[in-house]
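A short reminder: the numbers here are calculations on the coordinates, not readings from a lab. Please read these numbers as outputs of a predicted model, since none were measured by experiment. Cβ atoms come from the backbone with ideal geometry, glycine included; neighbour counts cover every protein chain shown.
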Amino acid sequence: MDAESPVFAIAVAAELAGMHPQTLRQYDRIGLVVPGRTRGGSRRYSMRDIEQLREVAQLSSEGMSLPAIARLLDLEDEVRMLRRRVSDLEGALRSERESRPGVRVFAAGATGSIVTLASGRRIRRSTEVVLWRPRAASVSDDAAPDGSAPDDSAPASEGG
């Protein structure tokens, strides 16, 4: 039997929770602890419902209002649901990783090209210092190196 199975009749649930059955009916009416129902409409409480009833009794005896207790129980339910969802997603991620061995990772190589790496490997980066020098501008036959018109009186250079 799991904690969510609604199996206890109201009299048994009231005894297990240490409350009067009328209190359980009232909590059901205001939506504080809502039990499951049979086809005939009878209330059936689960162990989780009984734990909530005990928690309501404790919080109420400490002076917390019923609307505040209802909000607290709603938040606890939400946290429980979100934890279950996180667990499901972690399992799905784990199985996805296991079903795709050797997944490839891409990185930029030293020349800017795309490099494929095995998962978990890192690319070794070069730490050399490189001095950049601009290439000399190519000189055309019509212009002098400074951009002015060629001087016909200057001797022609060799190889050019």
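For the reader, a short list of remarks on this structure follows.
- Taking a Cβ cut-off of under 10 Å around GLN52, the surrounding Lys, Arg, Asp and Glu residues balance to a net charge of -3, with basic ones at +1 and acidic ones at -1.
- Euclidean distance of C-alpha centroids, the stretch 67-81 and the stretch 1-50, integer Å: 17
- For the stretch 17-23, backbone phi angles converted through the Karplus equation (6.51, -1.76, 1.60; θ = phi - 60°) give residue-by-residue couplings of 8, x, 10, 7, x, 5, 5 Hz, Gly and Pro being listed as x.
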